[in-house]
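The values are calculated or read from the model by the stated rules, or taken from the named source; none is laboratory data. As the structure is a computational prediction, the values presented were derived from the model and not from experiment. Heads up, the Cβs are rebuilt from the backbone with ideal geometry, glycines too, and the neighbour counts pull from every protein chain shown.
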Amino acid sequence: MSDQKDTILVINSGSSSLKFMLFKMSTETMVVKGLVERIGTPQANLVYQRPGFDKLEQPIQADDHGQALDKVCATLCDPGVGVLKSLSEVDAVGHRVLHCGEYYSDSVAVDENVKKVIRDCFELGPLHNPANLQGILACEKALPGVMNVAVIDTAFHQTMPKYAYLYALPKKFYDEYKIRKYGFHGTSHKFVTYATAEYLGKPKDELNAVICHLGNGSSISAIKNGKVLDTSMGLTPLAGLVMGTRCGDLDPAVVLTMARKGYSIDEIDKIMNKQSGLLAINGVNSSDMRDTEAAAKAGNPDAQNALDMFAHRIAFYIGGYFTLVGGPDAIVFTGGIGENSVNSRKIICERLKALGVELDEERNQQRGKACVISSDSSKVKCIVMPTNEELMIARDTYRIFQGK
Ligand code: AMP
C-alpha cells in the first residue's frame, strides 16, 4: 500500500457479526471486504474477499468481537492474502453506530464522552448500540492510538424541525424519556442526497428530493435544501413503510388491543419486528421481494396484495413529502429493491400520476446504476441512485481524520 495517509477501515458491528471494508480514500478504492459471522458460537466463520480474487472462508475461534477483530487484523496483514504490511498502515477506523439520540448531528471522533453517549442510548438502540460499542472497544485494543470515528445512523435526520419529530403525546414523554421521531438509514439518505445533487448538477444545499430507501428495511426521507425535513421511521426503525419483516405504521391502538388479547410486550415486539411485513402477508412465508414478485406473477393473490400494500404505503408517503418539500427536483429510488426491482418502481410510479409522474418503461428496465427512469415529459424526474453506506462511513471518517 502507498505511503499516503488515507487508509480507512470501516467496521459494522452487529450482535453476532462484524463486517469490515478497507478503503484507500485518495482514490476511494475498496481494497478488501469481509465479515465474521456467528460470533460467540462454535460455528464462527471468517469471510474475506479482495476484488478480483476468490472469496476465502474459514472457521475461526471468535468468542467475542475482540477475538473476531484480532483475526480480521491478522488476515489483513497475512503475507499471503493480506493487503497491509502492518496494522500501523490503518490511519482511522469508521464505525457504524445506530443511535446517539439528540447528541450528534454529524459523525464524531470517538472519545470517552462519545462512548458514554453510545452507552446512554442502549435503551434507544438495544440490539445495535451494545454491539457497536463492542466494535469500538475491540478496535481501541487492537489498534492503539488509531482514531475511531462514530458514523451515526440517526445523525443526518437531526435537522428535522420540532413539529416533524415530536409526537402529540403529553410533554413528559419527550422531556423525561426522549420519546420522539429520530429516523434511521441516515448514512444511506446522506450518501444518496449528496450523490443525487451531484448527478443533477445542483449544490447539495439547494436540493429538494424525496429519497426512497427500499430494502429489507425501508424508509423515505423528505429532503429540503439538502437537509432532512421529515422521515418515515420513528423512535425505532419499526415505523413507516411495509418492510421485509416489519409492519410499519399502524393505529397505535393495535398494540393495546394485542396486549388486551394476552400478548406480552416482548411477543408483540417480536411479531411486529420479525414476523410481519412481506413475510406475514405475501402467502409464501418469505421476507424477500424477489419471492413476493415471483409468487404474484404465478397468480398468488396474497402476494399480489402484498405488492399493492407495499406500493400503496410508499405512494402515500411520496405524495406527502412531495408537498412538504414544495415539489422535489427528483424522486429517488435506492436500496436493494429501489435499485433493482423494476416492478416495484413501476407499481409505485403508477400511483403517482396525480403528481405528474410519468415512467419511461424502457429506461425503468435498468438495474443497480444511477439513471433517470421517468420520461422526458414527466413533471418530476424519477431516478435510481445506488447507495453506498460503507463509502459514506469511509468518507466521513477520512474527513474527520483530516480535521475537516
Ligand atoms: P437490501 O436490504 O437493501 O439489501 O435489499 C434487499 C431486498 O432487495 C430484498 O427484498 C430483495 O428481494 C430485493 N432485491 C434485490 N434484487 C432484486 C431484484 N432484482 N428484483 C427485486 N427485488 C430485489
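Looking across segment 377-404 at every residue that is farther than 10 Å from residue 10 by Cβ and among the aliphatic types (A, V, I, L, M), the one that is surrounded by the most Cβ atoms within 10 Å (Cβ to Cβ) is identified as 385. Any residue that is within 24 Å of residue 199 (Cβ to Cβ), out of contact with any Phe, Trp or Tyr (no Cβ under 7 Å at 6 or more places or on another chain) and of a type in the set (D, E, K, R) - is there at least one of those in segment 326-335? Yes, there is a match, as at least one residue in segment 326-335 is within 24 Å of residue 199 (Cβ to Cβ), out of contact with any Phe, Trp or Tyr (no Cβ under 7 Å at 6 or more places or on another chain) and of a type in the set (D, E, K, R).
For segment 337-360, the set of residues classified as buried (at least 19 other Cβ atoms within 10 Å of the Cβ), out of contact with any helix residue (DSSP H, G or I) (no Cβ under 7 Å at 6 or more places or on another chain) and among the small types (Gly, Ala, Ser) consists of 338 only. Within segment 257-269, does at least one residue satisfy the condition of being surrounded by fewer than 16 Cβ atoms within 10 Å (Cβ to Cβ), away from the ligand (no atom under 16 Å from the Cβ) and closer than 22 Å to residue 101 by Cα? Yes - at least one qualifying residue is present in segment 257-269. Taken over segment 283-317, the criterion of being within 11 Å of the ligand (Cβ to nearest atom) and crowded, with 19+ Cβ neighbours inside 10 Å is satisfied by 287, 289, 292, 293, 307, 310. Taking segment 342-355 as the range and being over 16 Å from residue 370 (Cβ atoms) and within 15 Å of the ligand (Cβ to nearest atom) as the test, the residues that pass are 343, 344, 346, 347, 348. Has segment 356-376 got any residue that is among the charged types (D, E, K, R), within 16 Å of the ligand (Cβ to nearest atom) and not in a loop (DSSP other than H, G, I, E, B)? Looking for residues that are among the charged types (D, E, K, R), within 16 Å of the ligand (Cβ to nearest atom) and not in a loop (DSSP other than H, G, I, E, B), one finds none in segment 356-376, hence no. Each residue in segment 377-398 was checked for being in contact (Cβ under 8 Å) with a residue 60 or more places away in the chain and outside any loop (DSSP other than H, G, I, E, B), and 12 pass. Per the listing 333, 322, the residue uniquely aromatic (Phe, Trp, Tyr), under 29 Å from residue 94 (Cβ atoms) and within 23 Å of the chain's Cα centre (by Cα) is 333.
The residues of segment 227-244 that are polar (S, T, N, Q), more than 16 Å from the ligand (Cβ to nearest atom) and part of a loop (DSSP other than H, G, I, E, B) amount to a single one, 236.
State yes or no: is residue 222 more than 16 Å from the ligand (Cβ to nearest atom), farther than 21 Å from residue 335 by Cβ and either surrounded by fewer than 20 Cβ atoms within 10 Å (Cβ to Cβ) or touching a residue at least 40 places away in the same chain (Cβ under 8 Å) (or both)? No: the conditions fail for residue 222.
Of the residues examined, residue 100 is one that is in a loop (DSSP other than H, G, I, E, B) and in contact with a strand residue (DSSP E or B) (Cβ under 8 Å, 6 or more places away or on another chain).
Would you call residue 95 within 17 Å of residue 151 (Cβ to Cβ) and touching a Phe, Trp or Tyr at 6+ places or on another chain (Cβ under 8 Å)? Considered against the rule, which asks whether it is within 17 Å of residue 151 (Cβ to Cβ) and touching a Phe, Trp or Tyr at 6+ places or on another chain (Cβ under 8 Å), residue 95 comes out as no. Among the residues of segment 20-66, those identified as surrounded by fewer than 20 Cβ atoms within 10 Å (Cβ to Cβ), touching a residue at least 40 places away in the same chain (Cβ under 8 Å) and farther than 15 Å from residue 82 by Cβ are 28, 30, 64, 66.
Inclusion of residue 250 among residues that are closer than 25 Å to residue 166 by Cα and modelled with pLDDT of 95 or more is warranted. Taken across segment 90-97, residues that are in contact with an Asp or Glu (Cβ under 6 Å, 6 or more places away or on another chain) and at pLDDT 95 or above do not occur at all. For segment 318-341, a residue qualifies if it is within 15 Å of the ligand (Cβ to nearest atom) and of a type outside the set (Phe, Trp, Tyr), and the qualifying residues are 332, 334, 335, 336, 337, 338, 339, 340, 341. Residues of segment 181-217 that are free of Cβ contacts under 8 Å to residues at least 60 places away in the same chain and away from the ligand (no atom under 16 Å from the Cβ): 181, 183, 193, 194, 197, 198, 201, 203, 204, 205, 206.
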